[in-house]
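See structure below.
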Amino acid sequence: MDNIICPKDFPELKNDLFLRAARGEETEQVPVWCMRQAGRYLPEFREFRAGKDFFDTCRSPEACCELTLQPLRRFPFDAAIIFSDILVVPQALGMDVQMVPGKGPSFPEPLKGPDDLQRLRPKVDVPAELGYVFRAITLTRHKLEGKVPLIGFTGAPWTLMAYMIEGGGSTTYSKAKRWLYSHPEASHQLLRQLTSVIVEYLLGQVAAGAQALQVFESHAGILGPVQFKEFCLPYLRDIARRVKDQLKESGQESVPMIVFAKDGHYALEDLAQSHYEVVGLDWTIDPRSARERTGGKVALQGNMDPCALYAPKERIAEIVKKMLDGFGPRGYIANLGHGLYPDMDPEHVGAFVEAVHAHSRQLLK
Ligand code: 1CP
């Protein structure tokens, strides 16, 4: 193997603020990164992606590395997240997924009923199907030169199941929810199958050099507390527990894990006791109430409304100040409550990052 993509002898980490905050340790300032920090709001991203197929880009380690590094050249983010997508896992299970420009992901042949589960690969060779993500992580870890830690990620089982049945984004997710009510056994079978692939996928990411892992349960909000308890929580827990156990068994160092269940704060108490070090929050929850309800069991990440970036820069600084005062500067990673949108002004992203660093240094003096 080429030296440069060997998953060892990584450059020494120079900024460990994000990792310390994730473990609830003291920091001199609050670390900050943004979901979708590699994205279309950056002109250099649009230029690099122009004319290329989205998943072809995902399958090129060099392209993923470049796109991961782009936002770090502009802003002093305290973490990088590998450029990829959650839908590479359904592809690994044998499903065709295309990214339609201007529309989003599309599955030409979504799962229509339980019989369609037979179309999925019963045993996924994760290194063969997703090795390109591992190679992207290893390459990026080298090219980061230890500047900041690299986060790996996956979609959570329910969120992936929802796309596999809906065939793309949806407002109601009623086709996927129909399965939960009319085919609970088949639903659990699919969720279990996804969980196993996800565990192996995350372990592969750590072996390749990921220093933290985020699990995106983007469609938690479409479920209520009862369905969340049955169809999300057990699998989210299982993922964290199995990843941690297997890292321990193989003598590898543990990495902090973040769970982001968007709009799922009805489950906040449960999420805080699910073997994740960090709970990510969307903007619909008040920072103080999130702290109270999680009782110091976990670090928190989030949660500025992404749309607050449309405000003038001075106003962004005020909003950030209030958010930091609410969360407090310990065991806290600043972020948005969801990803950046393509029409956001990079300068305002810079103002957000600067405000987090400046105000948190004041608080921690
Ligand atoms: O060509 C393009 O640039 C298309 C836009 C785009 C990008 C930049 C998509 C399509 N995916 C990505 C990259 C991506 N996706 C990252 C990169 C790292 C970073 O954050 O900088 C990450 C972490 C994801 C994760 C992802 N993909 C999620 C979870 C986060 C979330 O938004 O809730 C989800 C739901 C997806 C599916 C997806 N991929 C792309 C789109 C437009 C969507 C959402 C479709 C929908 O449900 O409507």
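The values are calculated or read from the model by the stated rules, or taken from the named source; none is laboratory data. Keep in mind it's a predicted model, so treat the numbers as computed, not measured. We place every Cβ from the backbone using ideal geometry, glycine too, and count neighbours over all the protein chains shown. Please note that ligands, DNA and RNA were not included when accessible areas were found on the heavy atoms of the full protein model with its side chains. Shrake-Rupley method; radii C 1.70, N 1.55, O 1.52, S 1.80 Å.
Would the stretch 165-181 turn up any residue that is of a type in the set (Val, Ile, Thr), within 16 Å of the ligand (Cβ to nearest atom), closer than 27 Å to ILE82 by Cβ and not in a helix (DSSP H, G or I)? No, the stretch 165-181 contains no residue that is of a type in the set (Val, Ile, Thr), within 16 Å of the ligand (Cβ to nearest atom), closer than 27 Å to ILE82 by Cβ and not in a helix (DSSP H, G or I). Of all residues in the stretch 186-207, those satisfying the criterion of being within 16 Å of the ligand (Cβ to nearest atom) and over 13 Å from MET161 (Cα atoms) are TYR201, LEU202, GLN205. Residues of the stretch 7-16 include at least one that is surrounded by fewer than 17 Cβ atoms within 10 Å (Cβ to Cβ) and in contact with a helix residue (DSSP H, G or I) (Cβ under 6 Å, 6 or more places away or on another chain). When the stretch 209-227 is limited to residues that are within 16 Å of the ligand (Cβ to nearest atom) and assigned to a helix (DSSP H, G or I), the one that is least open to solvent (accessible area, probe 1.4 Å) turns out to be ALA220.
Among the residues making up the stretch 249-271, those that are of a type outside the set (Phe, Trp, Tyr), open to solvent by 10 Å² or more (accessible area, probe 1.4 Å) and closer than 18 Å to CYS232 by Cβ are LYS262, ASP263, HIS265, GLU269, ASP270. Of all residues in the stretch 93-105, those satisfying the criterion of being touching a helix residue (DSSP H, G or I) at 6+ places or on another chain (Cβ under 8 Å), open to solvent by less than 80 Å² (accessible area, probe 1.4 Å) and within 15 Å of the ligand (Cβ to nearest atom) are MET95, VAL97, MET99, PRO105. Are there any pairs with C-beta distances below 6 angstrom linking a residue in the stretch 316-343 that is modelled with pLDDT of 95 or more to a residue that is open to solvent by 50 Å² or more (accessible area, probe 1.4 Å), with the two at least 6 apart or on different chains, and if so which? Here the result reads GLY326/ARG288; PRO329/LEU363; PRO329/LEU364; GLY337/TRP283; GLY337/ASP305; GLY339/ARG36; LEU340/ARG36; PRO342/ARG40, each pair linking the stretch 316-343 to a residue that is open to solvent by 50 Å² or more (accessible area, probe 1.4 Å).
TYR181 - would you say it is within 16 Å of LEU160 (Cα to Cα) and not polar (S, T, N, Q)?
Details: within 16 Å of LEU160 (Cα to Cα): no; not polar (S, T, N, Q): yes.
Criteria not met by TYR181.
Just to verify a result, which residue in the stretch 272-307, among those that are in contact with a strand residue (DSSP E or B) (Cβ under 8 Å, 6 or more places away or on another chain) and free of Cβ contacts under 8 Å to residues at least 24 places away in the same chain, is surrounded by the most Cβ atoms within 10 Å (Cβ to Cβ)?
Taking the stretch 272-307 as the starting set, the residues that turn out to be in contact with a strand residue (DSSP E or B) (Cβ under 8 Å, 6 or more places away or on another chain) are 272, 274-283, 285, 287, 290-291, 294, 298-306.
Okay, now just the ones that are also free of Cβ contacts under 8 Å to residues at least 24 places away in the same chain, so 279, 285.
Numbers: VAL279: 25, ILE285: 18.
If we take residues in the stretch 272-307 being in contact with a strand residue (DSSP E or B) (Cβ under 8 Å, 6 or more places away or on another chain) and free of Cβ contacts under 8 Å to residues at least 24 places away in the same chain, then VAL279 is surrounded by the most Cβ atoms within 10 Å (Cβ to Cβ).
So, in the stretch 51-63, of the ones that are in a helix (DSSP H, G or I) and either within 16 Å of PRO149 (Cα to Cα) or among the acidic types (Asp, Glu) (or both), which residue ends up nearest to the ligand (Cβ to nearest atom)? Of everything passing the filter in the stretch 51-63, ASP56 is nearest to the ligand (Cβ to nearest atom).
Is at least one residue of the stretch 84-92 part of a loop (DSSP other than H, G, I, E, B), within 16 Å of the ligand (Cβ to nearest atom), modelled with pLDDT of 95 or more and among the small types (Gly, Ala, Ser)? First the steps, then the outcome.
Within the stretch 84-92, the first condition is being part of a loop (DSSP other than H, G, I, E, B), and the residues that meet it are 84-87.
Pick out the ones that are also within 16 Å of the ligand (Cβ to nearest atom) and you get 84-87.
So of that shortlist, the ones also modelled with pLDDT of 95 or more come out as 84-87.
Then keep just the ones that are among the small types (Gly, Ala, Ser); that gives 84.
Checked the stretch 84-92: at least one residue is part of a loop (DSSP other than H, G, I, E, B), within 16 Å of the ligand (Cβ to nearest atom), modelled with pLDDT of 95 or more and among the small types (Gly, Ala, Ser).
PRO76: open to solvent by 50 Å² or more (accessible area, probe 1.4 Å), in contact (Cβ under 8 Å) with a residue 40 or more places away in the chain and closer than 20 Å to GLY350 by Cα, yes or no?
Values: open to solvent by 50 Å² or more (accessible area, probe 1.4 Å): yes; in contact (Cβ under 8 Å) with a residue 40 or more places away in the chain: yes; closer than 20 Å to GLY350 by Cα: yes.
Criteria met by PRO76.
Quick check: anything in the stretch 357-365 open to solvent by less than 10 Å² (accessible area, probe 1.4 Å) and farther than 14 Å from ARG36 by Cα?
Pass one, the stretch 357-365, residues open to solvent by less than 10 Å² (accessible area, probe 1.4 Å): 360.
Next, only the ones that are farther than 14 Å from ARG36 by Cα stay: 360.
Yes, the stretch 357-365 has at least one match.
Annotation: of all residues in the stretch 47-71 being hydrophobic (A, V, I, L, M, F, W, C) and under 17 Å from the mean Cα position of the chain (by Cα), the one that is most open to solvent (accessible area, probe 1.4 Å) is LEU69. Within the stretch 109-138, the set of residues being farther than 15 Å from GLY94 by Cβ and among the small types (Gly, Ala, Ser) comprises GLY113, GLY131, ALA136. Scan the stretch 32-46 for residues that are surrounded by 14 or more Cβ atoms within 10 Å (Cβ to Cβ), away from the ligand (no atom under 11 Å from the Cβ) and either of a type in the set (Gly, Ala, Ser) or over 16 Å from the mean Cα position of the chain (by Cα) (or both) and the total you get is 1. Residue count for the stretch 106-154, restricted to those that are in a loop (DSSP other than H, G, I, E, B), of a type outside the set (D, E, K, R), more than 16 Å from the ligand (Cβ to nearest atom) and surrounded by 13 or more Cβ atoms within 10 Å (Cβ to Cβ): 4.
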